[in-house]
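Please read the structure below before turning to the comments.
Taken together, the values in this text are just the output of simple stated rules run on the coordinates, not laboratory data. Every value quoted in this text rests on a predicted model; they were computed, and no experiment measured them. FYI the Cβ positions are ideal-geometry reconstructions off the backbone, even for glycines, and counts take in every protein chain you see.
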């Protein structure tokens, strides 16, 4: 009997923990830095309950040197991503660097419309990483230049279509998962 | 007599109100000249500027490294930035003229302006090292579960690839000394090596190629308090690992960008201030029961080298700016092969 009671207690305790965890996951957070018990805690900004996407994404070839859509095999393949806050409050711009800023998903297709070949990093990926936390003010845009050859092989000349996406953690779909906001698509050419 | 104009007024005369103009390093100096036309059928056909001090016409930070364009000195107008402070800089303009018979004469009188290029003060970086090397389980999403990470600092939540973690990274670098303008950070990773051992085997290493960390400017900066940069490198510990060692050496560069100069047509640029080398070397080990010890063995962390090292124009080919040719790229799991 004692065993049953303690099992019930554990079950109820687990439920309380699960409910409070789920609740805290949906709590609003206005700033990347909060002070908890006298200690700085960095984290992503949250404005749960958005009824439309919080940001837009666009992509172009090249970096601050200007637009570029042709690259040689073995060279850097650089695209610039622009993320614009379309809300009237700060939104999250946190991410982590492993091979690239992997808060973005990088989608590349070859001329036949098949996904381009990625570099294999193992599963799980042994690569080290570091996290950062940031924000975008209302109406403002932040840009990031990504070297796509760090995750895609690009060892065959040809035309490739590129698109990026990023989860909007404040704008959820019917199943409660973040909606992925997608950029425009661009075509880049890899030459021999 | 030629004349040098700046911000709509002559600065090459002897008038006390226009002598010795001041500008902050990183602010644009857009100079125009007179005369643009000459009497008697003479035309201005050549210009020559002498601009002492470390200066550039343009600053650009593309992904392949900072590009500095030399100041143009052969046109009637010029625009440039001083990168380092210096007083009593004699900027001299002369021109060549061609007479109606196409003879060139290059002995025009000099127009001279004496500038003071000022710094915002004594800028520096101070390091706050948490001395925390922990093994924490972070939530993976594929498959659902957790994976231990050796961390510099104390983060919890999703593993890389599954969302953004929360917590406090291991090192904070705080800039001080400027009462105006803004701080800009750039981090160069000098070495990033992961070593791990499996039972009965020697250590295996993999790592990242040196380069710019995360882009320019460095993204790990507090939004509300942008004089603080932070970092907390992590390393995953895989199921067959018995030990895991992270060796990380980086240089955090501090730059400073002055406020926009009133009346100027071009924006100010960030100028180099100096850098602070720092490190994190720690080893995670399993205990006798095969569990990872929560506290890793911290060999070194925080400041490295001689403290904050002020930039000088002679530091490198880009006048003390950080130098890189690539973003940091991680080849763990690719070229070295992963044993699991």
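Kindly identify the range B:10-71 as rounded, prolate or oblate by the Cα gyration tensor criterion: order the square roots of the eigenvalues as a ≥ b ≥ c, call it rounded if a/c is under 1.5, otherwise compare a/b with b/c, prolate if a/b is larger, else oblate. The partial results should precede the final answer.
Values: a/c = 3.48, a/b = 1.52, b/c = 2.28.
Here the range B:10-71 falls in the oblate category.
Using per-residue counts of other Cβ atoms within 10 Å, averaged over each peptide, order A:138-144, A:87-93 from highest down.
Working: A:138-144: 14.0, A:87-93: 18.9.
Packing proxy ranking, top to bottom: A:87-93, A:138-144.
Let me confirm one metric for peptide A:131-143, namely the mean number of other chain beta-carbon atoms within 10 Å of its residues' beta-carbons.
Details: counts 17, 12, 11, 5, 2, 1, 1, 0, 0, 0, 0, 1, 1.
The shielding value for this peptide is 4.
Calculate how steeply helix A:2-25 sits against the longest principal axis of the alpha-carbon atoms of chain A, using the helix alpha-carbon long axis, and give the answer as 0 to 90 degrees to the nearest 10.
So the inclination is approximately 40 degrees.
Note down the Stokes-Einstein diffusion coefficient of the range B:205-258 in µm²/s, whole number, using a Kirkwood radius over alpha carbon pairs, 37 °C, and 0.692 mPa s. Before the final figure, lay out the partial values.
Working: Rh = 14.1 Å.
Estimated via Stokes-Einstein, D reaches 234 µm²/s.
Rounded to the nearest whole Å³, what is the per residue volume of the convex hull around the Cα atoms of chain B? Could the numbers behind the result be given before it?
Details: hull volume 56.1 nm³, N = 340.
Here the figure is 165 Å³ per residue.
Could you give the C-alpha radius of gyration of the protein assembly as shown expressed as a fraction of 2.2 N^0.38 Å, taking N as the number of residues it contains?
Numbers: Rg = 27.8 Å, N = 532, 2.2 N^0.38 = 23.9 Å.
With N residues counted in the protein assembly as shown, Rg over 2.2 N^0.38 Å equals 1.16.
For the residue pair residue B:314 and residue B:57, what label-to-label distance in nm results when each label sits 7 Å from Cα along the Cα-to-beta-carbon direction?
Modelled inter-label distance: 2.8 nm.
So how do B:332, B:162 line up by other beta-carbon neighbours within 10 Å, fewest first?
On the way: B:332 26, B:162 17.
Neighbour counts put them in this order, fewest first: B:162, B:332.
Peptide B:231-238: average number of partner chain Cβ atoms within 10 Å per residue?
Working: counts 3, 5, 5, 7, 4, 7, 2, 4.
Mean number of neighbouring Cβ atoms from other chains: 5.
With both bridge residues required to lie in the protein assembly as shown, what share of the DSSP beta bridges run antiparallel, to the nearest 5%? Intermediate results must be reported in sequence, preceding the final value.
Values: 153 of 161 bridges.
Of all bridge pairs located within the protein assembly as shown, approximately 95 percent are antiparallel.
Can you give me the distance in nm between label points at residue A:187 and residue A:31, each placed 7 Å from the Cα along the Cα-to-Cβ direction?
Each label point is offset 7 Å from its Cα along the Cβ direction, giving 4.9 nm.
Treat the count of other C-beta atoms within 10 Å as a stand-in for reagent exposure and order A:169, B:99, B:315 from fewest to most. List each step's numbers first, then the result.
Numbers: A:169 22, B:99 13, B:315 17.
Ranked by crowding around the Cβ, least crowded first: B:99, B:315, A:169.
Please rank A:132, A:106, fewest neighbouring Cβ atoms within 10 Å first, as an exposure proxy. List each step's numbers first, then the result.
Working: A:132 25, A:106 22.
Fewest to most other Cβ atoms nearby, the residues stand as A:106, A:132.
Within 10 Å, count the other beta carbons around each residue, average over each peptide in B:65-78, B:216-229, B:242-255, and list them highest first.
On the way: B:65-78: 15.2, B:216-229: 19.3, B:242-255: 23.4.
In descending order of packing, they fall as B:242-255, B:216-229, B:65-78.
To the nearest µm²/s, what D does Stokes-Einstein give for the range B:227-278 at 25 °C and 0.890 mPa s, using the Kirkwood radius over alpha carbon pairs as Rh?
Numbers: Rh = 15.2 Å.
It diffuses with D of about 162 µm²/s by this estimate.
Sticking with the crude label model, points 7 Å out along Cα→Cβ, report the distance from residue B:209 to residue A:141 in nm, one decimal please.
Inter-label distance under the simple model: 3.0 nm.
Calculate, for residue A:65 and residue B:137, the FRET efficiency according to 1/(1 + (r/R0)^6) with r their C-beta to C-beta distance and R0 30 Å; round to the nearest 0.05.
Working from the Cβ atoms, E equals 0.10.
Taking the C-alpha atoms of chain A, how large are the radius of gyration and the largest Cα-Cα span, Dmax, in Å?
Considering chain A through its Cα atoms, Rg and Dmax are 21.0, 76 Å.
If you count, for every residue in B:156-164, the Cβ atoms of partner chains within 10 Å of its Cβ, what is the mean? Provide the component values of the computation, followed by the final result.
Details: counts 2, 4, 2, 4, 13, 8, 2, 7, 14.
For this peptide, the per-residue mean of nearby foreign Cβ atoms is 6.
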